[in-house]
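Have a look at the structure below, then the notes.
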Amino acid sequence: KNEVEQSPQNLTAQEGEFITINCSYSVGISALHWLQQHPGGGIVSLFMLSSGKKKHGRLIATINIQEKHSSLHITASHPRDSAVYICAVPYNTDKLIFGTGTRLQVFP
Amino acid sequence: EPEVTQTPSHQVTQMGQEVILRCVPISNHLYFYWYRQILGQKVEFLVSFYNNEISEKSEIFDDQFSVERPDGSNFTLKIRSTKLEDSAMYFCASILANEQFFGPGTRLTVL
C-alpha cells in the first residue's frame, strides 16, 4: 500500500515551460514537505505546508487537506531545476514517509 | 546558516565488516533521524532519536543497527555486520518546528 503517491514519475520539459508535479497521500497529516534531490544525492527542503499555498521564487506549492492532494509548480523552468522532486508526509510521530519522487529534466 | 553535516561522504566496506556513519545535527535541534535510500528506490525511515534514546524504529532497523549520541553533538549509525543489501545512501536529519533539515548523505557501498 502506497501512502504517498506522486505523478508523473518522469517529466521532461523545455526551458521556460510551466511544470506541475502532483502528490496524493492516504494518511492524515499535519503538514506536507516538498524536497529536492540533486544528482549528487543531497536532499534540500523546499517547502513545508499545512494549508493553502506557499511561494518561493519560481516555485509554488499548494495543498488541499480535504482532498489529500498537493501540487508543486515551477514557473519559467530552467535546466538548473533538473532534479528529483519528492513529496513527503509526517506519519505517526514526525518521521517522514516519502513518495517515489518525480525526475524532472529541463532542456535548454 | 546552520546545517547538518555527515561523514564520510562515501564509505566502501567488505561484507561482514562494521561501519559507523557519523552525523552532526544542528545544535539546538532535539529530534534526529536516520533515513536510507537504496539506489533507484524511495527514501525510507530507519530510526528516530530523542532525549538520548530511540523513539521509533522501522522494520529495517534490526539488531544489526544501532544509534548513539556519544558526546552530545555527534549522532552515529552503526551497522555491525554489513550485508550487500545495506548498500545505500544514508541520510541524517534533524528537526525544528516540524521542518526537517537533511545532511548531505553518506553513500555506503558493501562489496
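Does B:LEU30 fit the bill of being exposed (fewer than 13 other Cβ atoms within 10 Å of the Cβ) and within 12 Å of chain A (Cβ to nearest Cβ)? Judged against the criteria, B:LEU30 is a match. With respect to A:LYS53, is the statement that it is away from every other protein chain (no Cβ under 14 Å), over 30 Å from B:LYS57 (Cα atoms) and either touching a His at 6+ places or on another chain (Cβ under 7 Å) or basic (Lys, Arg) (or both) true? The answer is yes for A:LYS53.
Just so you know, in segment B:37-54 the residues that are within 11 Å of chain A (Cβ to nearest Cβ), of a type outside the set (Val, Ile, Thr) and part of a loop (DSSP other than H, G, I, E, B) include one that is most open to solvent (accessible area, probe 1.4 Å), and it is B:LEU39. Are any residues in segment A:60-92 open to solvent by 40 Å² or more (accessible area, probe 1.4 Å), within 14 Å of chain B (Cβ to nearest Cβ) and in contact (Cβ under 8 Å) with a residue 60 or more places away in the chain, and if so, which ones? If the condition is that a residue be open to solvent by 40 Å² or more (accessible area, probe 1.4 Å), within 14 Å of chain B (Cβ to nearest Cβ) and in contact (Cβ under 8 Å) with a residue 60 or more places away in the chain, then A:TYR91 is the only one that fits. Of the residues screened, A:PRO39 is one that is within 13 Å of chain B (Cβ to nearest Cβ) and either free of Cβ contacts under 8 Å to residues at least 24 places away in the same chain or more than 21 Å from B:TRP34 (Cβ to Cβ) (or both). Figure legend. Inter-residue proximity from segment B:18-47: first residues under 15 Å from A:TYR91 (Cα atoms), second residues open to solvent by 50 Å² or more (accessible area, probe 1.4 Å) and among the charged types (D, E, K, R), beta-carbon distance below 6 Å, spacing 6+ or different chains. Indicated pairs: B:VAL47/B:LYS57.
Of all residues in segment A:1-34, those satisfying the criterion of being modelled with pLDDT of 95 or more and aliphatic (A, V, I, L, M) are A:LEU11, A:ALA13, A:ILE19, A:ILE21. Taking segment A:93-108 as the range and being within 9 Å of chain B (Cβ to nearest Cβ), in a strand (DSSP E or B) and open to solvent by 10 Å² or more (accessible area, probe 1.4 Å) as the test, only A:ILE97 passes. Is it the case that B:VAL12 is surrounded by fewer than 15 Cβ atoms within 10 Å (Cβ to Cβ), outside any helix (DSSP H, G or I) and more than 11 Å from chain A (Cβ to nearest Cβ)? Answer is yes for this residue. For segment A:1-29, the tally of residues that are open to solvent by less than 60 Å² (accessible area, probe 1.4 Å) and of a type in the set (D, E, K, R) stands at 1. On the given criteria, is A:LEU32 within 11 Å of chain B (Cβ to nearest Cβ), surrounded by 20 or more Cβ atoms within 10 Å (Cβ to Cβ) and of a type outside the set (Phe, Trp, Tyr)? Yes.
Show me the strands (runs of 3 or more DSSP E) entirely contained within segment B:55-108 in which 3 or more residues are at the interface with another protein chain (Cβ under 10 Å from one of its Cβ atoms) and within 11 Å of the chain's Cα centre (by Cα).
Numbers: elements: B:65-68, B:75-79, B:88-96, B:99-102.
In segment B:55-108, B:88-96 are the strands (runs of 3 or more DSSP E) which contain 3 or more residues that are at the interface with another protein chain (Cβ under 10 Å from one of its Cβ atoms) and within 11 Å of the chain's Cα centre (by Cα).
Could you list, in sequence order, all residues of segment A:35-44 that are open to solvent by 30 Å² or more (accessible area, probe 1.4 Å) and among the hydrophobic types (A, V, I, L, M, F, W, C)? Passing the criteria: only A:VAL44.
The values are calculated or read from the model by the stated rules, or taken from the named source; none is laboratory data. The shown structure was predicted, so the numbers you read here are calculated from the model rather than taken from an experiment. Note that each Cβ is placed from the backbone with ideal geometry, even for glycine, and that neighbours are counted across all protein chains shown. What goes into the accessible areas is simple: the full protein's heavy atoms, side chains included, and nothing from ligands, DNA or RNA. Shrake-Rupley method; radii C 1.70, N 1.55, O 1.52, S 1.80 Å.
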